[in-house]
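Chemist: Sharing a structure here in structure tokens format.
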Amino acid sequence: MRLPLAGVRHALIVAPHPDDEVIAAAALIAVLKARGSHVAVVIVSDGAASHPGSRRWPRGRLIAERRRESLRALRRLGVFAGGVRFLGLPDGAVHDHATTCRRRLRNIALAMRADLIVGPAMTDAHPDHRAVARALRTVRSASRRLSYQVWPARGRERARTRYVRVPGGCMAKRSLIAVHRTQLGAIRDDPAGFSIAPHELAAFAHPVEAFVEAMR
């Protein structure tokens, strides 16, 4: 069933890592912007854990580049730098900073008067995603809530799942993900570093995004 978005004025999209914002919610952001909604994006972790063994890409350089990648991709969706916040929590250890994560997400959501909050699912395989999901559960507001799942690939349809079609289809989605070149093999001096595999990219570039709508 298609996701109804009428009446959304202020949407907060929360991504655990730089690139989750387009992998999970590029279509949603594009549709909301086309409807005239104000969209803010929060990226929780610094993204520095993907290539710990790289000498050419030490931590500071990698963090800076991953932020630039997110800003470039979001700019293509109509979300500019002023609408993007980077919390800079340690990649892979968000759970160790749960209090900070909860406080900052709560303050951002309340300050912008978000009537839609979108974040990762509690069932996601990545611990950072689950930590962010737990933090968002503590944000007390009347906001409508949607969750998405990035890892692992989605299984069978769950109750209250709603869908948003990517404007431009899978090629448009793939081109947005490709902006995150550090995660697609551009860093070559760390054999153990992370890189999105071809089958993962194919799944991430699916022309339809799925969200679970929380019960009110």
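Chemist: How about the range 78-148: which trypsin sites (Lys or Arg not before Pro) there are in a DSSP loop, with at most 11 other Cβ atoms within 10 Å of their Cβ?
Modeler: Filter output for the range 78-148: 140.
Chemist: Could you do me a favour and compute the accessible area per residue for the chain, 1.4 Å probe, result in Å²?
Modeler: Roughly 48 Å² per residue, with all protein chains present.
Chemist: Connecting C-alpha atoms closer than 10 Å in a GNM of the chain, tell me which of 147, 175, 70 has the biggest fluctuation.
Modeler: With Cα springs under 10 Å in the chain, the top fluctuation among 147, 175, 70 is at 175.
Chemist: What's the carbon and sulfur percent of the chain's accessible surface, probe 1.4 angstrom, rounded to a whole number?
Modeler: The computed percentage sits at 54.
Chemist: In whole Hz, what ³J(HN,Hα) sequence does the range 5-19 give by Karplus (6.51, -1.76, 1.60; θ = phi - 60°), x for Gly and Pro?
Modeler: Once θ is set to phi - 60°, the couplings for the range 5-19 become 10, 4, x, 6, 9, 10, 10, 10, 9, 10, 10, x, 10, x, 3 Hz.
Chemist: By the scheme Lys and Arg +1, Asp and Glu -1, what is the net charge of all other residues having a beta-carbon under 11 Å from that of residue 38?
Modeler: Net charge in that neighbourhood comes out at +3.
Chemist: Rounded if a/c is under 1.5, else prolate if a/b beats b/c, else oblate: with a ≥ b ≥ c from the C-alpha gyration tensor eigenvalues square-rooted, which is the range 59-191?
Modeler: rounded
Chemist: Go through 12-22, 74-84, 184-194, 40-50 and give me the packing order, highest mean Cβ count within 10 Å leading.
Modeler: 12-22, 40-50, 74-84, 184-194
Chemist: Given a Förster distance of 22 Å, report the FRET efficiency between residue 186 and residue 34 from their Cβ-Cβ distance, rounded to the nearest 0.05.
Modeler: For R0 = 22 Å, the calculated efficiency reads 0.10.
Chemist: Right, next: Magnitude of the Cβ-charge dipole of the chain, K/R +1 and D/E -1, about the Cα centre, nearest 20 debye?
Modeler: That gives a dipole near 720 debye.
Chemist: Mind checking which of 133, 109, 125 has the largest fluctuation in a GNM of the chain, springs on alpha carbons under 10 Å?
Modeler: Of 133, 109, 125, the most mobile in the Gaussian network model is 125.
Chemist: What does DSSP give for the chain in terms of the percent of beta bridges that are antiparallel, rounded to the nearest 5?
Modeler: Bridges in the chain are about 25 percent antiparallel.
Chemist: Also: For the pair residue 160 and residue 75, what calculated FRET efficiency results from E = 1/(1 + (r/R0)^6), where r is the Cβ-Cβ distance and R0 = 30 Å, to the nearest 0.05?
Modeler: E(calc), rounded to 0.05, equals 0.40.
Chemist: Report the relative contact order of the range 4-53, percent, no decimals, based on alpha-carbon pairs under 8 angstrom and at least 6 residues apart.
Modeler: 49 percent
Chemist: From largest accessible area down, sort 171, 122; use a 1.4 Å probe on the protein chains.
Modeler: These residues rank, largest area first, as 171, 122.
Chemist: Separation between the residue 122 and residue 96 pseudo-spin-labels, each 7 Å from Cα along Cα→Cβ, expressed in nm?
Modeler: Output for this residue pair reads 2.6 nm.
Chemist: If you don't mind, there's one more thing I want to ask. Let me check against my output: what whole-number percent is the relative contact order of the chain, with C-alpha pairs under 8 Å and at least 6 apart?
Modeler: 28 percent.
Chemist: Here is a follow-up. With a sphere of radius 12 Å drawn around the Cβ of residue 49, what net charge do the other residues whose Cβ falls strictly inside it have (Lys, Arg +1; Asp, Glu -1)?
Modeler: -2
Chemist: Tally Lys/Arg at +1 and Asp/Glu at -1 over every other residue whose Cβ is under 13 Å from the Cβ of residue 5; what's the total?
Modeler: Summing Lys/Arg as +1 and Asp/Glu as -1 gives +4.
The values are calculated or read from the model by the stated rules, or taken from the named source; none is laboratory data. Here the structure is a predicted model, which is why all the values come from computation and not from measurement. Positions of Cβ are backbone-derived with ideal geometry, glycine not excepted, and every protein chain shown enters the neighbour counts. What goes into the accessible areas is simple: the full protein's heavy atoms, side chains included, and nothing from ligands, DNA or RNA. Shrake-Rupley method; radii C 1.70, N 1.55, O 1.52, S 1.80 Å.
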